[in-house]
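See below for the structure under consideration.
The values are calculated or read from the model by the stated rules, or taken from the named source; none is laboratory data. Since this is a predicted model, take the numbers as computed values, not measurements. A quick note on method: Cβ atoms are made from the backbone with ideal geometry, for glycine too, and the neighbour counts reach across all protein chains shown.
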């Protein structure tokens, strides 16, 4: 028995429940219109990727298929960059290379097939067998696809590797599948040359472009068994080959098409084994659900890595539809990144585009920055136009489109009509902004293991905070995650996403340990994603976070780090963000790469801050007032989105350095490398997550109805008789006792009056610290039934230590305070009544 979900605002049914209910999980859901049977392949007899190639050439013929731009010239420019190193401003000279590009050139669908056949013929003549595997380690381009199609035509599987992969990652993706050959770019030949000696199976290197002759000579001289040739030479070798000659090598539905190595946020990349049947089922499902929105006269801009399943499956689907592709480089997308020509987007004028959230956030903030730079009037007009269009006022919406938003749309060529976001969650604020000002942006959800898509939002279901409906090739259920209270009995139902269907893989390459792990692949065919989601009333799916990104705070409640990041990233002052928390925290903190242009604009407008907007970003990132500004703006975004107090940021660490796959802080798919960021900023995180944004203005001690206030002047340590003394031990997370004659008097007063809770903050003018009065202080507090905790803050919130009386005896020494060679400290003495005569927790 199947139960359909409530219709959405358009009256269209979403997903339908099927089968019986099992305790601890939701009922299984499928797309409502295909609830009776899952789709296994598209129409027209498409069983394999080879069939897609045949169909496209036969159906779309001489229509333009693949477009590209040649590099006409390379311009080198130098700039002086100011940065802060060890507290001092230094100037560095850096060089940038800018490409000058030709207009787009095209090859037709028939020519694509002919070229793929030539590649296949060349591989055959080089002795490539059906059981062999060829690695593709290259940038997205027409030739990437020609190598892939050529391999498919002779039944040879490909293994993919991100072009940002370093030597160790590439070596792993070559050795695990025992690749006999590799296709790469000229720019990556040095990496291939360096790993060749460590890949015994390698005997063929095919390259695109013009690598340095010394690299080619090095490979040939050091590895006589390795044949090196260009893709043009490979095609020349295969010239004259006919499709008929390749028939005996063609793959079947169940044959492996691709071993796709994940970008991996932890450990070595896993090889995801994708069959032709998996791809065929996924292709058919996309065509079934979205086919009426995808047209042969559309133009698609292809720039994401083809080693990422999102780009890979989308290109396959759009090639099937007959769409024209314009291949682009991330470095040449915009006018600002090229010389003597326009950027790829304006040159191509695409109508369809896909992107990961980092791309869409960049576009939104770019639009906002341009609007802000136009002055108050332009900003007011733009915001007014946004409000009018959001309201959907008849007539006025078309008017503001023509008068205001058409100028915005020109930045993407003026023809963009549909955009897809995938790879991670996109904030509802950014999705709505772009859908109103630029183009309808719909979200999807998928993994490499599910062939890229398992849910997507059709435009007729347009809404925010959802990734859409199940694809016709999968069924989905949610499994209880009781430790985090994500339960199928919640309203709405929540739990771990489990997926099953013909587009879902059967396992990882040579990883029996993972393939037999029922926490990943169950015996009845379900793939457990590790993602947490909920079913909305209209049958759409909403992703909450990944289980591994759920953190239990000190108060026992969970927060979802990835979800918080997707919202905070919509703050205009944030270019990138990694939210951090652990079990000792009561609130998260974040490491943030500020958006330089927006930050400078805010400083220009807020002159009362007294900070120059022209200061180097590195200097701004070290400014406490800037950190407080970014923290305030982020939390304003959080409150606007209904965040609870424990989801608001306690503190931020600002960094001026870009997060790139090369730096290791993000993957090739622009996902944050959480562990690597935590390691890179461990000292700053430790300090900020404990300190927060501590900034006392008026300091005091409250004793029931009595108050003793210390003025700001005293806080600045202008009383000459203070002699601060303390001890610390690095054996504990934090441990410090601080005392002085004045502190002891106040402590005794506090204890005698039996204060239930109070705080004292004092700045010390001296960093000469020594252990004294520890037992006196501890015994005084213990005698009156208090538990004591002492906190020390550095005056600019860069250090904090903690102590409570359960800690072992302190053993001060000359090395104890090396980290704390500061000139001023703030001390907070906090006591809490725990019962008469007791001192325990």
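Structure values in brief
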| read-out | value |
| --- | --- |
| Count - residues of segment 153-170 that are under 16 Å from residue 307 (Cβ atoms), in a helix (DSSP H, G or I) and touching a helix residue (DSSP H, G or I) at 6+ places or on another chain (Cβ under 8 Å) | 1 |
| Filter result for residue 307 (touching a strand residue (DSSP E or B) at 6+ places or on another chain (Cβ under 6 Å), surrounded by 23 or more Cβ atoms within 10 Å (Cβ to Cβ) and more than 15 Å from residue 67 (Cα to Cα)) | yes |
| Residue among 525, 530, 452, 507 that is in contact with a strand residue (DSSP E or B) (Cβ under 9 Å, 6 or more places away or on another chain), surrounded by 24 or more Cβ atoms within 10 Å (Cβ to Cβ) and in contact (Cβ under 8 Å) with a residue 12 or more places away in the chain | 452 |
| Residues located in segment 37-61, provided they are in contact (Cβ under 8 Å) with a residue 24 or more places away in the chain and surrounded by fewer than 19 Cβ atoms within 10 Å (Cβ to Cβ) | 40, 43, 54, 59, 61 |
| Whichever residue in segment 89-145 is within 31 Å of the chain's Cα centre (by Cα) and assigned to a helix (DSSP H, G or I) and, among such residues, is surrounded by the fewest Cβ atoms within 10 Å (Cβ to Cβ) | 142 |
| Search result, residues across segment 652-669 that are in a loop (DSSP other than H, G, I, E, B) and either within 15 Å of residue 590 (Cβ to Cβ) or not assigned by TED's automatic domain parsing to the domain that holds residue 622 (or both) | 655, 659, 665 |
| All positions within segment 670-684 that are in contact with a helix residue (DSSP H, G or I) (Cβ under 8 Å, 6 or more places away or on another chain) and either crowded, with 17+ Cβ neighbours inside 10 Å or outside the structural domain of residue 654 (by TED's automatic domain parsing) (or both) | 670, 672, 674 |
| Of the criteria (1) in contact with a strand residue (DSSP E or B) (Cβ under 7 Å, 6 or more places away or on another chain); (2) surrounded by 21 or more Cβ atoms within 10 Å (Cβ to Cβ); (3) at pLDDT 95 or above, which one residue 261 fails | (3) |
| Some residue of segment 63-72 being assigned to a strand (DSSP E or B), under 22 Å from residue 280 (Cβ atoms) and either more than 32 Å from the chain's Cα centre (by Cα) or at pLDDT 95 or above (or both) | yes |
| Of all residues in segment 622-640 being modelled with pLDDT under 90 and either part of a loop (DSSP other than H, G, I, E, B) or surrounded by 15 or more Cβ atoms within 10 Å (Cβ to Cβ) (or both), the one that is farthest from the chain's Cα centre (by Cα) | 623 |
| Pick from segment 193-213, criterion more than 21 Å from residue 175 (Cα to Cα) and in contact with a strand residue (DSSP E or B) (Cβ under 6 Å, 6 or more places away or on another chain), ranking: modelled with the highest pLDDT | 208 |
| Tabulated pairs, segment 397-423, first closer than 16 Å to residue 334 by Cβ, second in a helix (DSSP H, G or I), C-beta under 7 angstrom, 6+ apart or interchain | 408/367; 408/437; 412/345; 413/345; 413/346; 413/348; 416/409 |
| Residue within segment 606-621 that is touching a helix residue (DSSP H, G or I) at 6+ places or on another chain (Cβ under 9 Å) and within 30 Å of residue 546 (Cβ to Cβ) present | yes |
| Leading residue by the ranking (nearest to residue 655 (Cα to Cα)) among those in segment 538-552 that are out of contact with any helix residue (DSSP H, G or I) (no Cβ under 6 Å at 6 or more places or on another chain) and outside any strand (DSSP E or B) | 548 |
| Any hit, segment 510-532, residues being within 30 Å of residue 368 (Cβ to Cβ), part of a loop (DSSP other than H, G, I, E, B), within 25 Å of the chain's Cα centre (by Cα) and not assigned by TED's automatic domain parsing to the domain that holds residue 643 | no |
| Residue 494 vs. criteria at pLDDT 95 or above and over 24 Å from residue 523 (Cβ atoms) | yes |
| Among the candidates 473, 488, residue that is outside the structural domain of residue 259 (by TED's automatic domain parsing), touching a residue at least 60 places away in the same chain (Cβ under 8 Å), buried (at least 24 other Cβ atoms within 10 Å of the Cβ) and part of a loop (DSSP other than H, G, I, E, B) | 473 |
| Selected residue (only one of 439, 408 is over 28 Å from residue 506 (Cα atoms), modelled with pLDDT under 95 and in the same structural domain as residue 391 (by TED's automatic domain parsing)) | 408 |
| Single condition residue 579 does not satisfy, out of (1) part of a loop (DSSP other than H, G, I, E, B); (2) crowded, with 20+ Cβ neighbours inside 10 Å | (1) |
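Conditions (1) over 22 Å from residue 152 (Cβ atoms); (2) modelled with pLDDT under 95; (3) touching a strand residue (DSSP E or B) at 6+ places or on another chain (Cβ under 7 Å), marked per residue:
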residue	(1), (2), (3)
215	yes, yes, no
242	no, yes, no
277	no, no, no
282	no, no, no
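A quick yes/no check of all residues on (1) touching a helix residue (DSSP H, G or I) at 6+ places or on another chain (Cβ under 9 Å); (2) outside the structural domain of residue 56 (by TED's automatic domain parsing); (3) crowded, with 21+ Cβ neighbours inside 10 Å:
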site: 312; (1), (2), (3): yes, no, yes
site: 319; (1), (2), (3): yes, no, yes
site: 322; (1), (2), (3): yes, no, no
site: 325; (1), (2), (3): yes, no, yes
site: 346; (1), (2), (3): yes, yes, no
